[in-house]
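First comes the structure, then the notes that go with it.
The values are calculated or read from the model by the stated rules, or taken from the named source; none is laboratory data. Note that this is a predicted model, so its numbers are computed, not measured. Backbone-built Cβ (ideal geometry, glycine too); neighbour counts: all protein chains shown.
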């Protein structure tokens, strides 16, 4: 399951699971590009501590010119792109509640970052993946979509759109030897999860855990194996899939 030397762009890499992806990729010998609207210096330091290295790039996934610049920076530094992990998403800053209480501004923000952002990144990166002879796109979806989580309809809907986009892109890009898959985690113990649930965090995590076959909460490192496998050539015949990493909540 080697990812040695592969150039992998990871969006939303300044913290949380994106930061863990960069650390794990660097430790495994890949050349990750950590992209985020926020500073990625902490992520770069973690990559170095793991025995590898990473390139940090400022990127706003809602802006197509910014995603173009992200890919251009990866090509300038490494000469190719082998994989794209679309992890950037609006989550911690969203406000939950009954669907009729969600504001239009919050709905539009979720769709802009979580859906249009992936579309922008794919449009920017696919030419580089084609030039490399193929590669892997990994879109981070969520248990919210596979389970149908209520009271966060803007987030749930945006992540369901990610799954639909994954399937459509897989069919479009298969002829280019580009695989497109989604990963659907349950609630990961990250800063974003803490921000979203706030003072209801402990109760929310208990509820999530109670619905799982594996009775513990998901840690960022629990996702690394799936991500590395999807980047590696060992998953070369896997495309259009949504892989649930949720402790056995949704069993397809």
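Against the test of being modelled with pLDDT of 95 or more, touching a helix residue (DSSP H, G or I) at 6+ places or on another chain (Cβ under 6 Å), more than 22 Å from residue 224 (Cα to Cα) and outside any loop (DSSP other than H, G, I, E, B), the options 181, 120 yield a single qualifying residue, 120. The single residue among 157, 67 that is under 23 Å from residue 204 (Cα atoms), at pLDDT 95 or above and in a helix (DSSP H, G or I) turns out to be 157. For residue 51, are the conditions met, namely being closer than 16 Å to residue 81 by Cα, surrounded by fewer than 17 Cβ atoms within 10 Å (Cβ to Cβ) and over 18 Å from the mean Cα position of the chain (by Cα)? Answer is no for this residue.
Which number in (1) outside any helix (DSSP H, G or I); (2) surrounded by fewer than 20 Cβ atoms within 10 Å (Cβ to Cβ); (3) in contact with a strand residue (DSSP E or B) (Cβ under 6 Å, 6 or more places away or on another chain) marks the one condition that residue 151 misses? With respect to (1) outside any helix (DSSP H, G or I); (2) surrounded by fewer than 20 Cβ atoms within 10 Å (Cβ to Cβ); (3) in contact with a strand residue (DSSP E or B) (Cβ under 6 Å, 6 or more places away or on another chain), residue 151 is out only on (3). Checking 88, 73, 128, 83 one by one, the residue that is touching a residue at least 12 places away in the same chain (Cβ under 8 Å), in contact with a strand residue (DSSP E or B) (Cβ under 8 Å, 6 or more places away or on another chain), surrounded by 17 or more Cβ atoms within 10 Å (Cβ to Cβ) and more than 25 Å from residue 190 (Cβ to Cβ) is 73 and no other. Residues of the range 49-64 that are part of a loop (DSSP other than H, G, I, E, B), closer than 12 Å to residue 11 by Cα and free of Cβ contacts under 8 Å to residues at least 60 places away in the same chain: 59, 60, 62. Scanning the range 95-108 for residues that are in contact (Cβ under 8 Å) with a residue 24 or more places away in the chain and assigned to a helix (DSSP H, G or I) yields 99, 106, 107.
A search for C-beta distances below 8 Å between a residue of the range 190-209 that is closer than 15 Å to residue 17 by Cβ and any residue that is surrounded by 13 or more Cβ atoms within 10 Å (Cβ to Cβ) and modelled with pLDDT under 75, counting only pairs 6+ apart in sequence or on different chains, returns 191/92; 192/92; 193/92; 194/92; 195/92; 196/92.
Checked against (1) at pLDDT 90 or above; (2) assigned to a helix (DSSP H, G or I); (3) more than 19 Å from the chain's Cα centre (by Cα); (4) surrounded by fewer than 13 Cβ atoms within 10 Å (Cβ to Cβ), residue 168 meets all criteria but (3). Scanning for something in contact with a helix residue (DSSP H, G or I) (Cβ under 8 Å, 6 or more places away or on another chain), part of a loop (DSSP other than H, G, I, E, B) and either over 23 Å from residue 158 (Cβ atoms) or free of Cβ contacts under 8 Å to residues at least 40 places away in the same chain (or both), does the range 16-31 turn up at least one residue? There is at least one residue in the range 16-31 that is in contact with a helix residue (DSSP H, G or I) (Cβ under 8 Å, 6 or more places away or on another chain), part of a loop (DSSP other than H, G, I, E, B) and either over 23 Å from residue 158 (Cβ atoms) or free of Cβ contacts under 8 Å to residues at least 40 places away in the same chain (or both).
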